[in-house]
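What follows is a single structure, written as structure tokens, with notes after it.
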Amino acid sequence: MEWFKADLHTHTVLSPCGSLDMSPVKIVEAALNKGIQLLGISDHNSTLQCEEIVKVAQKKGLAIVCGAEVTTREEVHCLAFFENFEILALFQAYLDAYLPNIKNDEEKFGDQVWVNEAEEILGQEDRLLLSAIDQSIDEVEIKVHELGGLFILAHVDRKSFSIYSQLGFVPLSLNIDAIELSDNVDYEAFVQRHSELKNYTVIRCSDAHYPDKVGTSYSLVKMELPTFAELKKAFAKQDGRDVLSKW
């Protein structure tokens, strides 16, 4: 086993808040330039750019885990990742069913397109992806695990769109695979204020919206190979796998 550099929170051109420069080729190049070995694709409430990025990444030797950053009814952000495209399609259908029919204002929020390797537009999402889906955080977590996915509370230290900003606490009923801290947060100090977090695997990610941000923050994950199955074991600290959460 070895330690792999993993950045598990990356947006693409599809996210309305993401730069139009966040195309598959540019994201993969940026990740490789930073030494990232496992990259998580997590657009807001959509998985539709994932397959094209995987195509590019496979040619370049970069491992990808696919998913989305979901905004729950409470406006809590959480990351969800899945093992293959078949399961990802089922989760996309779930997101489509509960994303409200609020039209995107491109001038205010940005474009919502997905593109191929040549940066040709393959499609466009007309509904605003920044909206909260009509599902509670408990319902999202249950659905993610029904599909065999990984459920991660995103940037829990932030003053908006985090579990603490929206709820003020972490519900004990939630089955959480990991929590994400922002790069500039002191782990020890934050856990002193929120001692319940000692019970969870902690990751750091870039939450990149621009190419130069990709890979600027990452987690070190001990596993056999940079795959979804191995990442799942690492989050659970099984069979010698591990995640370095203090640095």
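Derivation of every value follows stated rules applied to the coordinates shown; laboratory data play no part. Since the model is a prediction, treat every value here as computed from it, not as a measurement. FYI the Cβ positions are ideal-geometry reconstructions off the backbone, even for glycines, and counts take in every protein chain you see.
Of the residues ALA97, ALA57, ALA178, the one that moves most in a GNM of the chain with alpha-carbon contacts below 10 Å is ALA97. The charge dipole of region 1-86, taken about the Cα centre with unit charges on the Cβ atoms of Lys, Arg (+1) and Asp, Glu (-1), comes to about 340 debye, rounded to the nearest 20. For the chain, the residue among PHE169, ALA189, PHE109 whose Cα projects farthest onto the positive side of the dipole built from Cβ charges is ALA189. Take the Cβ atoms of LYS103 and ARG73, set R0 to 22 Å, and the FRET efficiency comes out at 0.65. Remark: region 202-213, residue by residue, has Karplus-estimated 3J(HN,Hα) of 10, 10, 10, 9, 7, 6, 6, 10, 9, x, 6, 8 Hz, where x stands for each Gly or Pro and the curve is 6.51 cos²θ - 1.76 cosθ + 1.60 at θ = phi - 60°. Working ranking of peptides 136-144, 101-109 by packing, defined as the average number of other Cβ atoms within 10 Å per residue, highest first, is 136-144, 101-109.
Note that region 143-154 has calculated 3J(HN,Hα) couplings of 5, 4, 6, 4, 8, x, x, 9, 10, 10, 6, 7 Hz, one per residue in order, obtained from phi through the Karplus relation 6.51 cos²θ - 1.76 cosθ + 1.60 (θ = phi - 60°); glycine and proline are x.
Model label points for SER195 and GLU117, set 7 angstrom from Cα along the Cα-to-Cβ axis, are 5.4 nm apart.
Taking amide H atoms as placed 1.01 Å from N in the peptide plane, the amide H of VAL65 lies under 5 Å from those of LEU39, GLY40, ILE41, each 5 or more residues away in sequence or on another chain. Taking Cα pairs under 8 Å and at least six residues apart, what relative contact order does region 2-244 come out at, in percent? It comes to 25 percent, rounded to a whole number. A dipole drawn for the chain from +1 and -1 charges on Cβ atoms has a positive end, and of ASN84, GLY123, LEU153 the residue lying farthest that way is LEU153.
The calculated FRET efficiency for the pair GLU29 and LEU225, based on their C-beta separation and a Förster distance of 25 Å, comes to about 0.65. Per the Debye formula on identical point scatterers at the alpha carbon atoms of region 98-200, with no solvent, log10 I(q)/I(0) at q = 0.13, 0.17, 0.21 Å⁻¹ is -0.67, -0.97, -1.14. Within the listed set GLY168, GLY215, GLY123, the Gaussian network model of the chain (springs between alpha-carbon atoms below 10 Å) gives the highest mean-square fluctuation for GLY168. Annotation: for a label point projected 7 angstrom from Cα along Cα→Cβ of LYS59, residues of region 99-133 with backbone N closer than 17 Å are 115-122. Helix content alone sets the calculated 222 nm mean residue ellipticity of the chain: runs of n ≥ 4 DSSP H residues at -39500 (n - 2.57) each, divided across all residues, give -7500 deg cm²/dmol.
Around ASN116, with a cut-off of 11 angstrom between Cβ atoms, what is the net charge of the other residues, counting Lys and Arg +1 and Asp and Glu -1?
-4
Per-residue Karplus couplings for region 59-73, computed as 6.51 cos²θ - 1.76 cosθ + 1.60 with θ equal to phi - 60°, are listed in order as 5, 9, x, 9, 7, 10, 10, 10, x, 7, 9, 8, 9, 7, 4 Hz, Gly and Pro entered as x. Summing Cβ point charges (Lys, Arg +1; Asp, Glu -1) relative to the Cα centre of the chain gives a dipole of roughly 780 debye.
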